[in-house]
1. Among 204-210, 84-90, how do they line up from the highest to the lowest mean number of other beta-carbon atoms within 10 Å?
2. Just list whichever of 16/347; 115/347; 115/135; 130/347; 100/127; 42/130 have alpha carbons separated by over 29 Å in the model shown.
3. Under 10 Å, Cα contacts only: if you run a Gaussian network model on the chain, which one of 17, 350, 360 comes out with the highest mean-square fluctuation?
4. In sequence order, what are the phi-derived ³J(HN,Hα) couplings for segment 214-231 according to the Karplus relation 6.51 cos²θ - 1.76 cosθ + 1.60 with θ = phi - 60°, rounded to whole Hz, with x for glycine and proline?
5. Please identify, among 136, 278, 334, the residue showing maximal mean-square fluctuation in a Gaussian network model of the chain using a 10 angstrom Cα cutoff.
6. Tell me, what % of the accessible area of segment 1-114 is carbon and sulfur with a 1.4 angstrom probe?
7. In debye to the nearest 20, how big a dipole does the chain give about its Cα centre with +1 on each Lys and Arg Cβ and -1 on each Asp and Glu Cβ?
8. Using the per-residue mean of other Cβ atoms lying within 10 Å as a proxy for protection, in what order, highest first, do the peptides 117-129, 305-317 fall?
Amino acid sequence: MQDYFEIDFLEVHTKKSGDAIGVRYRINGSTHIHVVDGGYAKTGEALVQHINEYYESPSFIDHVVVTHPDQDHAEGLQAVLENFSVGTLWMLLPWNYIDKLLPRFNRFSNPDNLKKRLRDEYPYLDKLEKIADEKGIPIREPLQGTRIGAFTVMAPSRSRYLDLVATSTRTPSSIGASFEGMVASVEDMLLDAEITADTAFGLESFIRAGWGEEKFPYSGTSNENEMSVVQFARICNKNIVLTADSGRDGLNEAADYAPLVDLVLPGGVNRFQVPHHGGRHNVSTEIMDRWFGEQLSAPPSTEGNERFTAIISAARDDEKHPRKVVVRAFAHRGAKVISTDDGNGTKRTSHNAPARDGWSAATLVPYPHEMEE
């Protein structure tokens, strides 16, 4: 059988979006299964069912990756660990870095107390670690440069990850934290939910905008989102990037690393996961230009002339995602944009993969002629 890959983005059926991704690929006669995040608890059950139905009821999964500690990514992986034998669980556990973190916190002198605090703040990671320990599943760090099967981690680096833990709103204030830093942390907490004074009261407004116009917020996303594991693979000569909820800093760090995996930017990506369900605090015009090049002067003349595929994991009942400006920005750079929130369920992007009865090409997300003000 020829080499192939298939990447399935499951819809998360809640009022908030999440990520649950199944990947199966065949290289040089060897087939592997690679799971990235599992959404919420019910999503995890759906992911298990999907793997059994479309990946030939495997008993073994090679790699399971927890991209970051948020519930909408980590909780559902409990079902995956409980229903399959797993080769390696990849996740970053902040309490494993106590020797590096303890000097940065002025409220703790006892390492055990800081460990407890971190476990309390990241309960989904704590639960996954306990399941892995019970089942004898090895846990490894998905830090920059690590190989996970066909994938390579582009971000985060160890140093940036530790900085994010130390300055997160979920953890005690670190030594030397300034008032400005605390204000920024509060802003992070608000921006993670993308709440502003207007949107909190349902007063968000939109403006009509012509082709090429983009208006992104000044501020970025939360520390937890910035912890996201960004993965790259080249399979069947196609360049694939999975970003989870990575923010602008993470995407810049990943872009800095791109030459080390022979990924040519801008424009070398064939499949790209739009970060954070299409959130507007995760990308910017500068980030888009760095990854995909400057805007096209006009839309592609016909469907099929798009340069690359951009996939959004968003829930149909999530009124905040994807953001119109984000869809516009990807379209401006020639992307074929598809999303799980269109009411038609799981989206698959693939090459040479086995056919599936009843599956058809995804409907493209229409170009928004307005964006958030």
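1. Working: 204-210: 11.3, 84-90: 19.6.
Top to bottom by mean Cβ count within 10 Å: 84-90, 204-210.
2. Details: 16/347 18 Å; 115/347 39 Å; 115/135 23 Å; 130/347 31 Å; 100/127 23 Å; 42/130 20 Å.
With Cα atoms farther than 29 Å apart: 115/347; 130/347.
3. 360
4. Whole-Hz 3J(HN,Hα) from phi for segment 214-231: 9, 9, 9, x, 5, 7, x, 9, 6, 4, 4, 4, 5, 6, 3, 7, 9, 10.
5. Between 136, 278, 334, it is 136 that shows the largest mean-square fluctuation.
6. Values: 1910 of 4490 Å².
Taking all protein chains in place, segment 1-114 shows 43 percent carbon and sulfur surface.
7. On the way: 39 positive and 54 negative charges, 138 e Å.
The dipole of the chain has a size of about 660 debye.
8. Details: 117-129: 19.0, 305-317: 21.2.
Put in order of decreasing packing, that is 305-317, 117-129.
The values are calculated or read from the model by the stated rules, or taken from the named source; none is laboratory data. These numbers were taken from a predicted model, which means no experiment stands behind them. In this analysis, Cβ positions are derived from the backbone assuming ideal geometry, glycine residues included, and neighbour counts consider all displayed protein chains. Remember, those area values only see protein heavy atoms, side chains included, never the ligands or the DNA or RNA. Shrake-Rupley method; radii C 1.70, N 1.55, O 1.52, S 1.80 Å.
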